[in-house]
1. Evaluate the range 385-400: report whether one residue or more is assigned to a strand (DSSP E or B), out of contact with any Cys (no Cβ under 7 Å at 6 or more places or on another chain), surrounded by fewer than 23 Cβ atoms within 10 Å (Cβ to Cβ) and touching a residue at least 24 places away in the same chain (Cβ under 8 Å).
2. Out of the residues in the range 173-186 meeting the condition of being touching a Leu at 6+ places or on another chain (Cβ under 9 Å) and assigned to a strand (DSSP E or B), tell me which one is most open to solvent (accessible area, probe 1.4 Å).
3. Identify, please: which residue in the range 367-384 is outside any strand (DSSP E or B) and touching a Ser or Thr at 6+ places or on another chain (Cβ under 9 Å) and is, among those, most open to solvent (accessible area, probe 1.4 Å)?
4. Any residue in the range 214-233 that's open to solvent by 30 Å² or more (accessible area, probe 1.4 Å): show its pairings with residues that are among the polar types (S, T, N, Q) at Cβ separation under 7 Å, as long as the two are six or more apart or on different chains.
5. Got at least one residue in the range 187-203 being over 20 Å from the mean Cα position of the chain (by Cα), open to solvent by less than 30 Å² (accessible area, probe 1.4 Å) and within 16 Å of the ligand (Cβ to nearest atom)?
6. Among all residue pairs at least 6 apart or on different chains, which show Cβ distances below 6 Å where the first residue, located in the range 75-89, is farther than 12 Å from GLY199 by Cβ and the second is more than 8 Å from the ligand (Cβ to nearest atom) and not in a loop (DSSP other than H, G, I, E, B)?
7. Among the listed residues ALA447, ALA459, identify the single one that is more than 25 Å from the chain's Cα centre (by Cα) and either part of a loop (DSSP other than H, G, I, E, B) or farther than 30 Å from VAL150 by Cα (or both).
8. Would you please name the residue that is most open to solvent (accessible area, probe 1.4 Å), looking only at residues in the range 7-27 that are assigned to a helix (DSSP H, G or I) and within 12 Å of VAL85 (Cβ to Cβ)?
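The values are calculated or read from the model by the stated rules, or taken from the named source; none is laboratory data. In this text, all values refer to a predicted model and were calculated from it rather than measured experimentally. So basically every Cβ, Gly included, is an ideal-geometry build from the backbone, and we count neighbours across all protein chains shown. Accessible surface areas use protein heavy atoms only, side chains included; no ligands, DNA or RNA. Shrake-Rupley method; radii C 1.70, N 1.55, O 1.52, S 1.80 Å.
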Amino acid sequence: MSADLYAKLANRLGPKGFATDAADLAPYLREWRGRYEGQTPFLALPQSTEEVADIVRFCADAGASITTQGGNTGLVGGQIPAGEVLLSLKRMNRIRSLDAANDSLIAEAGVVLTAVQQAAADSDRLFPLSLASEGSATIGGLISTNAGGVHVLRYGMMRDLVLGIEAVLPDGRTYAGLRGLRKDNTGYDLKQLFIGAEGTLGVVTAACLKLFARPRAHEVALAAAPSPEAALDLLQHMKAATGAVAAFEIMNRLSVDLVVKNVADRRDPIPGAPYMVLIEFEGMSDLGLRESVVEALDAALETGEATHVLLAENTAQARDFWRIREDISAGHRPEGAQVNHDVSVPVSQTPAFLAAANAAMEKICAGARIVAFGHMGDGNFHYSVMQPEGMAPDQFPGDELTQRVNEIATTMGGSISAEHGIGVARVTDLARFKDPESIALMRTLKAAIDPKRVMNPRALIPD
Ligand SMILES: Cc1cc2nc3c(=O)[nH]c(=O)nc-3n(C[C@H](O)[C@H](O)[C@H](O)COP(=O)(O)OP(=O)(O)OC[C@H]3O[C@@H](n4cnc5c(N)ncnc54)[C@H](O)[C@@H]3O)c2cc1C
């Protein structure tokens, strides 16, 4: 029966539209860090929504399941198949249209984020989503994981940037919700079902995205903050004083030390700072932005929110400041056994989270080294705990540390996954830490829309 299905799929897609050879499949079956390795009998590479609809219908009718993949940059393994048909949207990579007067653009699911940013810029607009994987991550993947990145503070997450969606449902029908409306109160906001669904409710084939006016002025500052409390005060102060904060990223001492140690040609811009904060400001005109930023930072030095401040003199220096932040993952990856977390708490709770989590880690594993960094302006920490120096990696109590971090975040009203999603990596944690009513509602939705569990059957929803 499977052979019949694969012959039918191949016939529908044509010779360029599928692959079954091991060498052709290999790049799709391995996650970039090597944490997930998968397998598939058939890789489908459709080029149109009609082809996607037929592939999904053929699979559903044959009782086969599908894993969908975009740029394969996801961090929780949901895009790697374990025997399912693999559906890659890579060849659906056209920007279908741009409506400048509506400040919107329609892109197919396989368009890479940088191509959308460029199309917006070519039209003197901004598409504000920005993250380190933007050269490979696709619109379909970014929607399906509700991606965040560094500008959430000003523009919101992917959920806030989507006006309409076209998606193929698990039985092969097409949800034609590709509208560009900013106001539409005609019932449930169905496009939201597919945003953050990690491919479990259908295949996103295209989206209408919001564009914004392009900022004309940027300033980037690095500030030394004596404590997380001071950093939180600094955030509130900068927002109120300038109205222009677009990113507010925190880095603890060790995160910067490990960049300097493990990444070539990096130096510490403010040696000894207990916490370093990178602040990006955006303005719609050159007039006055730098002056108001300088005034606000001077005031922060007086109040003690910051003990030292560097304001980038030019674009190259601003890039250097950002590189420290972007290299943090590369900096601590070589440091032995470690567990990484992507938690969020209300912004007001960020100092309390760090204090409680740091103390708990030390209690469970004396000498554990902590790299705490990320989007403090959104209450989101990438909180990594590494083995003490000299400890045998198999002695490191990673699971216990992770459970404690998750417990502390959820006790503070937070989330165990702020922006990377659940995938296959965190399904067990979701079952433990999300409230039972929400899990039940998610199961009800999945059963109603995908009763045969065709779409990404191992991801997101606990069995
Ligand atoms: C260096 C690096 C930095 C990162 N930084 C951030 C960050 O700052 N913020 C952040 O939020 N994420 C970040 N990520 C995670 C990742 O880039 C995002 O999750 C991204 O949205 C995934 O897009 P993708 O096209 O690669 O999707 P994939 O990895 O291919 O897939 C991700 C999930 O979406 C599903 N999916 C993909 N396409 C579709 C579709 N068309 N229809 C239905 N389901 C689909 C897959 O089945 C899978 O469950 C980072 C990743 C890397 C490698």
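1. Within the range 385-400, not a single residue is assigned to a strand (DSSP E or B), out of contact with any Cys (no Cβ under 7 Å at 6 or more places or on another chain), surrounded by fewer than 23 Cβ atoms within 10 Å (Cβ to Cβ) and touching a residue at least 24 places away in the same chain (Cβ under 8 Å).
2. TYR175
3. Within the range 367-384, the match that is most open to solvent (accessible area, probe 1.4 Å) is ASP378.
4. ARG216/SER285; PRO226/THR307
5. No; the residues of the range 187-203 include none that is over 20 Å from the mean Cα position of the chain (by Cα), open to solvent by less than 30 Å² (accessible area, probe 1.4 Å) and within 16 Å of the ligand (Cβ to nearest atom).
6. Short answer, once both residue conditions are applied: GLY83/GLN39; VAL85/CYS59; VAL85/ILE66.
7. One residue alone meets the criteria, ALA447.
8. Only one residue tops the list, namely LYS8.
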